[in-house]
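A short worksheet on the structure shown next.
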Amino acid sequence: MFASRTNWLLTPNRLSREIEELRRKRLPLLDLTESNPTKCGFAFDKQAILEALANPQALSYAPDPRGMLRARQAVASYYAERGITLDPGRIFLTTSTSEAYSYVFRLLADPGDTILVPQPSYPLFDFLAGLNDVRVIPYPLIYDQGWQIDLPALEKRLQPDARAILVVHPNNPTGSFVRQSELAELLALCQGHDVALVADEVFADYSLAADRQRVVSHAAITEALTFTLSGLSKISALPQMKLAWLVVNGPPQHLPGGLARMEIIADTYLSMSAPLALALPGLLETRRTLQPQILERVASNLHLLDARLASDQPVSRLVVEGGWYAILRLPSIRTDEEWALELARKDGVLVHPGHFFDFGSEGHLVISLLTEQEVFQEGIVRILTRVASSA
Ligand SMILES: Cc1ncc(COP(=O)(O)O)c(C=O)c1O
């Protein structure tokens with residue numbers, strides 16, 4: 001009855017079942033995985049958000065495959081503040097980054113073609129690729145006092161069926177940005193193998209410290225056909241608005257064809273609703289009051305974590321440059337799944353096991369730095385007590 005691309009494992013895993021059971025029993029839980037910004041106690045400008053959604057111009061229909069020009073101009077201004085000049089004609093509005101990925105995969109890949117994705121990274125890639133009949137080939141990020149792309153390993157995985165190299169900037173959950181030196185090598189690989197670059201920059205505004213060696217944005221790249229994805233789910237902490245975009249850029253031999261084909265894909269769906277497109281400029285503006293709150297939460301949670309880890313602890317944290325997550329390294333006397341299960345069951349603390357993000361080895365737990373501070377503090381104390389009593 002069903003297509004093989006939907007042959008997912010439909011039964012919940014052990015950890016999800018356990019958490020469901022704890023919730024059913026209404027046991028108090030400290031959720032250190034909370035990364036829904038609308039549930040983390042931030043002060044949103046409610047009036048500005050609601051006013052942005054009530055534009056009378058939404059009463060008429062004037063379809064544009066790329067999405068309303070005024071909204072794309074607001075996106076172009078967002079990049080202009082980063083020193084990047086963009087023609088709004090290269091911007092396509094979408095209802096999510098996920099939808100943008102689908103457009104890009106449909107544009108680039110035939111069934112069975114491959115897309116190279118970082119490992120560890122965002123768990124949704126397998127699903128997004130599978131739904132578009134594309135295969136994901138992971139390339140390793142290696143950790144040595146900081147994360148870097150294993151470029152020789154990436155090159156080996158670039159087979160003739162490869163269509164794109166995907167980078168997440170900064171990556172979820174490692175919080176690592178692409179460096180300019182890495183980008184130069186990635187572009188040489190894209191040119192040499194005739195593949196595109198796809199850059200997910202949804203967390204790009206959440207940098208913990210400036211670093212000149214980092215790429216500012218991939219949106220202005222012209223050396224290879226490049227798709228840069230971002231949106232309001234992280235920029236303005238409004239995932240419920242379903243507003244995102246992709247920027248197409250590249251060399252003259254690929255760019256016109258890429259834009260023309262992308263226009264037909266976008267025209268087929270015309271998925272951006274008028275009220276949302278009209279709201280985009282106002283909703284994008286609300287980032288100015290939201291981002292400082294998030295950056296402050298992330299920095300103070302990290303500070304709190306470091307203060308707890310300062311004494312001789314069997315737990316450490318990996319270097320984080322940006323994003324909303326921290327990675328804890330624990331003794332590998334248990335699997336990540338077992339640590340997460342034990343913490344949930346015995347301590348009422350919820351964490352992500354590393355395998356959720358496809359870590360290459362055991363001993364990693366991922367926690368959200370958006371977590372409200374009291375919950376975060378108590379959760380960390382319980383994790384450290386549990387590990388100390390187990391080691
Ligand atoms: C790397 C990355 N890209 C995209 C998204 C989601 O973006 P959207 O809500 O626009 O689909 C997330 C959400 O966590 C993410 O971690």
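The values are calculated or read from the model by the stated rules, or taken from the named source; none is laboratory data. Quick caveat, the model's predicted, so the values are computed rather than measured. Note that we place each Cβ from the backbone using ideal geometry, even for glycine, and neighbour counts take in every protein chain shown. All accessible areas refer to the heavy atoms of the entire protein, side chains included, with ligands and DNA or RNA removed. Shrake-Rupley method; radii C 1.70, N 1.55, O 1.52, S 1.80 Å.
Quick notes on this one:
- Rg/Rg_globular for the chain, with Rg_globular taken as 2.2 N^0.38 Å and Rg from C-alpha atoms: 1.00
- In whole angstrom, segment 269-318 maps to an equivalent ellipsoid with semi-axes of 41, 14, 5, each derived as √(5λ) from the alpha carbon gyration tensor and ordered largest first.
- Surface share of carbon and sulfur [accessible, 1.4 angstrom probe, percent] for segment 143-183: 42 percent
- Note on GLN253 and ALA153: their simple-model spin labels are 3.2 nm apart, each label 7 Å out from Cα toward Cβ.
- Over segment 1-84, the hull volume per residue, using the convex hull of the C-alpha atoms, is 308 Å³.
- For segment 256-385, the solvent-accessible area works out to 41 Å² per residue, with a probe of 1.4 Å and every protein chain left in place.
- Between the helical axis of 97-108 and the longest alpha-carbon principal axis of the chain there is an angle of about 50 degrees.
- Label point 7 Å beyond Cα of LEU131 along Cβ direction - residues of segment 1-43 with amide nitrogen under 14 Å: 5-8
- The packing ranking of peptides 355-366, 140-151, 18-29, highest mean first, is 355-366, 140-151, 18-29, where packing means the average number of other beta carbon atoms within 10 angstrom of each residue.
- Averaged per residue, segment 124-173 has 44 square angstrom of accessible surface, using a 1.4 angstrom probe with ligands and nucleic acids left out.
- Protein heavy-atom surface of segment 43-117, 1.4 angstrom probe: 54% of the accessible area is carbon and sulfur, with nucleic acids and ligands not counted.
- Antiparallel DSSP beta bridges within the chain, percent to nearest 5: 55 percent
- Carbon/sulfur fraction of accessible area - segment 256-391, other protein chains in place, 1.4 Å, %: 52 percent
- Taken over the chain, lysine pairs spaced eight or more positions apart, or on distinct chains, with alpha carbons under 30 Å apart number 8.
- Relative to the longest principal axis of the Cα atoms of the chain, the long axis of helix 287-309 lies at roughly 30 degrees.
- The chain: angle of helix 255-269 to the longest principal axis, Cα-based, in degrees nearest 10: 80 degrees
- Only helical runs count toward this figure. For the chain, summing -39,500 (n - 2.57) over DSSP H runs of n ≥ 4 and dividing by all residues gives -12000 deg cm²/dmol at 222 nm.
- A convex hull fitted to the Cα coordinates of segment 31-143 yields 196 cubic angstrom per residue.
- Stretchable slack from LEU59 to SER4, in nm (0.36 nm times residue separation minus alpha-carbon distance): 15.6 nm
- The peptide list 300-308, 43-51, put in order of mean Cβ contacts within 10 Å with the highest first, becomes 300-308, 43-51.
- The equivalent ellipsoid of segment 285-364 has semi-axes of 26, 15, 13 Å, largest first, where each one is the square root of 5 times an eigenvalue of the Cα gyration tensor.
- Packing-based ranking of 276-286, 69-79 yields 276-286, 69-79, ordered from highest to lowest mean Cβ neighbour count within 10 Å.
- Contact order for segment 1-135, expressed relative to its length and based on alpha carbon pairs under 8 Å spaced 6+ residues apart, stands at 20 percent.
- Distance between segment 27-102 and segment 183-218 - C-alpha centres, whole angstrom: 22 Å
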